[in-house]
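What follows is one structure encoded as structure tokens, with my remarks underneath.
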Amino acid sequence: EPDTALRRGREHLVAYLGVMGPQDGVDLAVRAIAELVHGHGRTDTTFALIGDGDARADVVDLVRALGVEAFVDLPGRVPDDLLFRYLSTADVGLSPDPPSPLNDVSTMNKTMEYMAFGLPVVAFDLPETMVSGGDGAVYARGGDVPAFAAAVAALLDDGPLRRAMGAAARHRVETVLAWPHQAEAYVGVYDRLLGSAPTPVQTSGE
């Protein structure tokens, strides 16, 4: 169930979940937050940046430098039960990974986790992210912080669209991305590489 206390008295909660490394674009998320707060005059949203990593100290410094510390929650790494409460309460999930040779071809765990919780995603238009997110995400041009911020604002201001995209995201997980649908293709790659007969695929979790 949603935990309204995580909104810290505000109408909305927007979440980032994951590693905070130089390649993850958390700095771009913070700049988008500053655009929303100072550029859009948005004071109705709490932004939870959940996770840790080599770039976390820089993220904390940037939050302060851009004057958005009153709107940003930085809980670090959290236990699963608290993580589930954050994702069950959030209105939008952020995937701010910038374009790069690695990011362009990577499936981001956080994007999958947002979608599993029925959250619409705002991301940059990386090729693999667009394959993963489908119509459960809005895509800003790679590295365009004002466009990223505008996409977040549009979702926050349109409850029906937000809920429809969240439902589409969850539906995509259930019907396309979950293991029972991906197992045969995934295991088949190993069979072809090893030149072995097709491996029986177990999808029940037993």
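The values are calculated or read from the model by the stated rules, or taken from the named source; none is laboratory data. Every value quoted in this text rests on a predicted model; they were computed, and no experiment measured them. Please note: Cβ atoms are built from the backbone with ideal geometry, for glycine as well, and neighbour counts cover all protein chains shown. Each accessible area value is taken on the protein alone, full model and side chains, heavy atoms only, with ligands, DNA and RNA left out. Shrake-Rupley method; radii C 1.70, N 1.55, O 1.52, S 1.80 Å.
A few notes on this one:
Every residue, every condition in (1) more than 23 Å from MET115 (Cβ to Cβ); (2) modelled with pLDDT of 95 or more; (3) polar (S, T, N, Q); (4) in contact with a Ser or Thr (Cβ under 7 Å, 6 or more places away or on another chain), yes or no:
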| position | (1), (2), (3), (4) |
| --- | --- |
| GLY9 | yes, yes, no, no |
| HIS12 | no, yes, no, yes |
| LEU17 | no, yes, no, no |
| PRO22 | yes, no, no, no |
| HIS40 | yes, yes, no, no |
| ALA70 | yes, yes, no, no |
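- Candidate set from region 1-25 (those that are out of contact with any Lys or Arg (no Cβ under 7 Å at 6 or more places or on another chain) and among the acidic types (Asp, Glu)); member that is least open to solvent (accessible area, probe 1.4 Å): ASP24
- Residue match in region 26-35 (condition: open to solvent by less than 10 Å² (accessible area, probe 1.4 Å) and either of a type in the set (Lys, Arg) or over 14 Å from ALA153 (Cα atoms) (or both)): yes
- Residues of region 91-150 classified as open to solvent by 50 Å² or more (accessible area, probe 1.4 Å), more than 13 Å from the chain's Cα centre (by Cα) and within 29 Å of ARG8 (Cα to Cα), total: 1
- Selected residue (criterion: nearest to PHE148 (Cα to Cα)) from residues of region 32-51 that are of a type in the set (A, V, I, L, M) and assigned to a helix (DSSP H, G or I): ALA32
- Checking each residue in region 2-39 for being over 26 Å from ASP54 (Cβ atoms) and of a type in the set (Asp, Glu) picks out ASP3, GLU11.
- Any hit, region 175-190, residues being of a type in the set (Asp, Glu) and either at pLDDT 90 or above or open to solvent by less than 60 Å² (accessible area, probe 1.4 Å) (or both): no
- The number of residues in region 175-195 that are without any contact (Cβ under 8 Å) to a residue 24 or more places away in the chain, touching a helix residue (DSSP H, G or I) at 6+ places or on another chain (Cβ under 9 Å) and assigned to a helix (DSSP H, G or I) comes to 4.
- Subset of region 133-160 (residues that are in a helix (DSSP H, G or I), farther than 23 Å from PRO99 by Cα and without any contact (Cβ under 8 Å) to a residue 24 or more places away in the chain): GLY159, PRO160
- If you go through region 48-92 and pick out every residue that is among the polar types (S, T, N, Q) and farther than 22 Å from VAL37 by Cα, you end up with 1.
- Scan of region 52-61 for residues that are in a helix (DSSP H, G or I) and either among the polar types (S, T, N, Q) or open to solvent by less than 30 Å² (accessible area, probe 1.4 Å) (or both), ordered by number: VAL59, VAL60
- Residues that are among the β-branched types (Val, Ile, Thr) and modelled with pLDDT under 95 within region 132-159 are absent altogether.
- Cβ pairs under 9 Å, 6+ apart, first in region 72-101 and under 20 Å from ALA149 (Cα atoms), second part of a loop (DSSP other than H, G, I, E, B) and hydroxyl-bearing (Ser, Thr, Tyr): ASP97/SER106
- Matching residues in region 72-90 - criterion: being assigned to a loop (DSSP other than H, G, I, E, B) and either surrounded by fewer than 19 Cβ atoms within 10 Å (Cβ to Cβ) or modelled with pLDDT under 95 (or both): ARG77, VAL78, PRO79
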